[in-house]
Each structure stands twice: as C-alpha cells, then as structure tokens.
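The values are calculated or read from the model by the stated rules, or taken from the named source; none is laboratory data. All figures in this text were calculated on a predicted structure; none of them were measured in a lab. Cβ placement follows ideal geometry from the backbone for every residue including glycine, while neighbour counts extend to all protein chains displayed.
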Amino acid sequence: MYHFIEILCTRLLKKKIIRFSSFEDSFFLYKKLDKKIKLTGDIIELNYAKESPYHNSNQVITSVIDTNNLYLWFQKSDVSLRFLPVSLILFRKLSSEGKDKIYIFKGNKQKVLVIKDRILIASFLRREISQNDIALMKNEYFVDDVDFFEEDEYQKSLDSGLKFLTYNDLLNILNIKINIKEWFNRFIQDSALAFLIASILLVVTIGGYDFYKQDLNEKLLHTYKNTSNTIVEMKENINKNEELNQVFTALKKEFYYMDKSMIISQILETTAEMNMTMEFIRIDTINVSFVVVTKDEGKIPIFTTKLFESKLFDDIKNTSSQKIRKVWTKATMQAQLKRR
C-alpha cells in the first residue's frame with residue numbers, strides 16, 4: 001500500500017493536479033473536534049476562514065479530518081488549487097515513530113513541528129530559535145523531547161515521506177474546492193489504461209489460480225516426503241494455502257459485478273451535471289451508498305432516473321431526505337450494482 005500511495009502522489013504532483021504547500025506560504029491550524037463529524041468545504045470555510053492571516057478572497061483552505069482531529073492549512077493563493085502541505089508529509093513520516101516530540105529542521109528559517117499523541121498540534125516557521133524559545137515551547141505544548149535535523153535532512157525527509165501519507169489524506173485534499181466533473185474526466189483519461197492493465201492482470205491471475213493451487217499442493221506434498229519438516233509445520237503451510245484460496249475467491253466474486261471505477265465516475269458525473277454536491281460515497285461488492293446535497297429537492301427523482309438510464313444499476317432508491325437550514329436538501333441514496 002505504501003508503494004502505491006507514493007506512486008499516486010508523485011503522479012498527481014507531476015500532472016499538477018495537486019501542488020506542494022510550503023511552510024513559508026501557508027498557515028497551519030489544529031482543531032480538536034467534539035465528535036467524529038463530516039465537514040464540507042463550505043462549512044469549514046464558514047467556521048474557520050476568519051482565523052486565517054490571509055484575506056478570504058485570496059486564500060485556499062486545505063483540510064484533513066482524521067477521526068476527531070481537524071488539520072487546516074491556509075494557503076495564500078489567487079487561484080483555487082489543491083495543495084499538499086509539506087508539513088503533513090513530515091508529520092506522517094515522523095509520527096510513525098510514535099513519540100511525543102518537538103521536531104526542528106535547521107536552515108535560514110527553522111521549520112518546527114510539534115507532535116503529541118500522534119497528533120500534529122503545531123507547525124510553523126521561526127527565523128531563530130533560542131534555548132529560551134525551546135523551553136517556552138515545552139511548557140506550552142507539554143512535550144519534553146526535542147529532535148534537531150540538519151538542513152539537508154529536510155528534503156530527504158520529504159522525498160521519503162510521501163509513502164507515509166494515507167488514502168484519507170489524499171481523499172481530503174482532492175475534494176477541497178474541486179470541480180468533480182472536470183477532475184474525474186482528467187482522472188479517467190490519465191488512468192484508464194492503468195485500470196485496464198490492472199483488470200486484465202487480475203483476471204489472468206484468478207483464471208490461473210486453480211493451476212497454481214494444484215502446483216503448490218504438489219510441492220507441499222513433495223516437501224513432506226523429502227524433508228524432515230514436522231507434521232505440524234506442514235499443516236500450517238496448508239492452512240496458509242487455504243487462506244490464500246479464500247482471498248482469490250473473494251477477488252473472483254468482485255468481477256461478478258460492474259466495474260467500480262465506472263460506477264463511481266457515473267455517479268459523480270451525474271451529480272455534477274445536475275449541479276448537486278456529493279458529500280459521501282462508499283461502495284462494496286454489490287451495494288453503493290452515497291449522500292448528495294441540492295437546493296432543488298425536485299432534482300432528486302430526476303437524478304435517480306438518470307442513474308437508472310446508465311444501465312449500471314439493478315436498484316436505486318432515496319432512503320431519506322433531510323432539510324438543512326431550510327435551503328439545502330440532503331438525500332441519502334442506496335444503489336445495487338448490475339451483474340456483468
């Protein structure tokens with residue numbers, strides 16, 4: 001998984017779908033949420049934009065929600081872009097050690113991260129840091145340990161830190177002020193070949209698994225006859241083989257139903273076409289759950305009809321509708337995929 005995250009981030013940066021947000025050009029803010037809640041970009045901007053040092057019309061807010069922790073980066077920018085904060089990369093890498101520390105990267109301007117209970121509670125720049133400053137930081141954040149890094153270690157940490165980012169980090173970043181239809185069109189164009197190759201490889205793997213399983217069992221039997229392995233060890237190997245069989249059976253079941261990337265793309269494109277907002281989407285083997293928000297409640301039946309017309313679903317229904325501030329309507333939808 002780590003390797004895939006690193007490749008995906010590198011590709012998104014190369015394609016300029018996301019851009020780095022440096023310490024110098026951004027302002028970090030940490031908020032502890034009372035409970036795990038879903039915050040849209042509009043709600044975040046309404047509640048926290050006033051805490052930014054930049055003018056509202058001249059900034060982009062990057063937010064990452066991690067359980068009950070809300071991380072906010074205010075980026076000074078005249079253009080609505082998606083930013084990957086470098087302090088988020090460093091935080092994910094350093095927090096993997098699981099220690100409460102103040103981390104300081106030396107340079108013309110000292111870059112400071114404070115991590116406590118695997119939470120990034122502070123991130124900022126200081127031109128100079130004295131022993132008195134360190135003592136004040138220890139008292140303010142209740143953290144005793146301090147780690148210093150030389151200037152050349154900053155770039156090394158960034159280069160090696162991409163693989164520590166999570167899928168949740170990327171999903172949060174890619175959904176901040178994003179034109180869903182435009183982004184997914186670009187994403188599908190850039191990654192269609194990769195999805196096709198991955199699907200072909202997976203089908204070939206599943207198709208050849210019966211041969212692989214038979215060959216593996218023959219090797220286990222040969223090992224049993226020609227080595228001094230104990231019966232207990234052989235049983236453990238056979239059990240592992242059975243577990244692997246269950247995994248491939250589950251993968252084979254996935255291919256009974258329509259392609260997941262096509263399903264998600266269709267739902268999001270229809271959402272954008274209807275000028276609605278996608279708040280949440282989740283898909284498993286056969287079911288899709290998603291929540292859309294609209295100012296026009298009458299669009300919801302039309303939205304359902306358009307999805308049916310795609311011939312990708314056996315069933316689509318609106319399980320509940322809820323009014324928000326007497327203006328918005330939030331609709332919770334359930335859909336069932338067609339078999340191939």
Over segment 44-74, the set of residues under 27 Å from Asp117 (Cα atoms) and exposed (fewer than 12 other Cβ atoms within 10 Å of the Cβ) is Glu51, Thr67
Hey, can you tell me all the residues within segment 73-113 that are among the small types (Gly, Ala, Ser) and more than 25 Å from Asp133 (Cα to Cα)? Ser77, Ser80, Ser96
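Matching residues to (1) modelled with pLDDT of 95 or more; (2) within 20 Å of Ser95 (Cβ to Cβ); (3) surrounded by 11 or more Cβ atoms within 10 Å (Cβ to Cβ):
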{"position": "Lys109", "(1), (2), (3)": "no, no, yes"}
{"position": "Arg118", "(1), (2), (3)": "no, yes, yes"}
{"position": "Ser130", "(1), (2), (3)": "no, no, no"}
{"position": "Ile134", "(1), (2), (3)": "no, no, yes"}
{"position": "Asn139", "(1), (2), (3)": "no, no, no"}
{"position": "Asp147", "(1), (2), (3)": "no, yes, yes"}
{"position": "Glu153", "(1), (2), (3)": "no, yes, yes"}
{"position": "Phe164", "(1), (2), (3)": "no, yes, yes"}
{"position": "Asp169", "(1), (2), (3)": "no, yes, yes"}
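Matching residues to (1) over 23 Å from Asn68 (Cβ atoms); (2) part of a loop (DSSP other than H, G, I, E, B); (3) hydrophobic (A, V, I, L, M, F, W, C):
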{"site": "Ser87", "(1), (2), (3)": "no, no, no"}
{"site": "Ile104", "(1), (2), (3)": "yes, no, yes"}
{"site": "Lys138", "(1), (2), (3)": "yes, no, no"}
{"site": "Glu153", "(1), (2), (3)": "yes, no, no"}
Looking only at segment 35-46, decide whether some residue is within 21 Å of Leu170 (Cα to Cα) and in contact with a helix residue (DSSP H, G or I) (Cβ under 9 Å, 6 or more places away or on another chain). yes
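Residue-wise test of (1) out of contact with any Phe, Trp or Tyr (no Cβ under 7 Å at 6 or more places or on another chain); (2) acidic (Asp, Glu); (3) within 19 Å of Leu120 (Cβ to Cβ); (4) in a helix (DSSP H, G or I).
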{"residue": "Glu6", "(1), (2), (3), (4)": "yes, yes, no, yes"}
{"residue": "Phe27", "(1), (2), (3), (4)": "no, no, yes, no"}
{"residue": "Lys35", "(1), (2), (3), (4)": "yes, no, no, no"}
{"residue": "Leu46", "(1), (2), (3), (4)": "yes, no, no, yes"}
{"residue": "Lys50", "(1), (2), (3), (4)": "yes, no, no, yes"}
{"residue": "Val79", "(1), (2), (3), (4)": "yes, no, no, no"}
{"residue": "Leu84", "(1), (2), (3), (4)": "no, no, yes, no"}
Note: among Phe91, Phe164, Phe124, just one is touching a Leu at 6+ places or on another chain (Cβ under 6 Å), under 26 Å from Leu13 (Cα atoms) and aromatic (Phe, Trp, Tyr), namely Phe91
Quick check on segment 4-17. Is at least one of its residues at positive phi, of a type in the set (D, E, K, R) and either in contact with a helix residue (DSSP H, G or I) (Cβ under 6 Å, 6 or more places away or on another chain) or at pLDDT below 90 (or both)? yes
Assuming Arg92 fulfils every condition listed in (1) assigned to a helix (DSSP H, G or I); (2) among the basic types (Lys, Arg); (3) surrounded by fewer than 18 Cβ atoms within 10 Å (Cβ to Cβ) apart from one, which condition is it? (3)
Restricting the first residue to segment 153-173 and requiring it to be small (Gly, Ala, Ser), which pairs with a second residue that is in a helix (DSSP H, G or I) and surrounded by 12 or more Cβ atoms within 10 Å (Cβ to Cβ) meet a Cβ separation below 7 Å and a spacing of at least six or different chains? Ser157/Leu90; Ser157/Lys93; Ser160/Lys93; Gly161/Ile89; Gly161/Leu90; Gly161/Arg92; Gly161/Lys93
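Would you list the strands (runs of 3 or more DSSP E) that sit entirely within segment 274-340 and hold 3 or more residues that are over 23 Å from the mean Cα position of the chain (by Cα)? Spell out how you get there, then give the answer.
Details: elements: 277-283, 287-294, 313-324, 328-337.
The strands (runs of 3 or more DSSP E) meeting that bar are 313-324, 328-337.
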Consider Leu81 carefully, then state whether it is at pLDDT below 90 and hydrophobic (A, V, I, L, M, F, W, C). yes
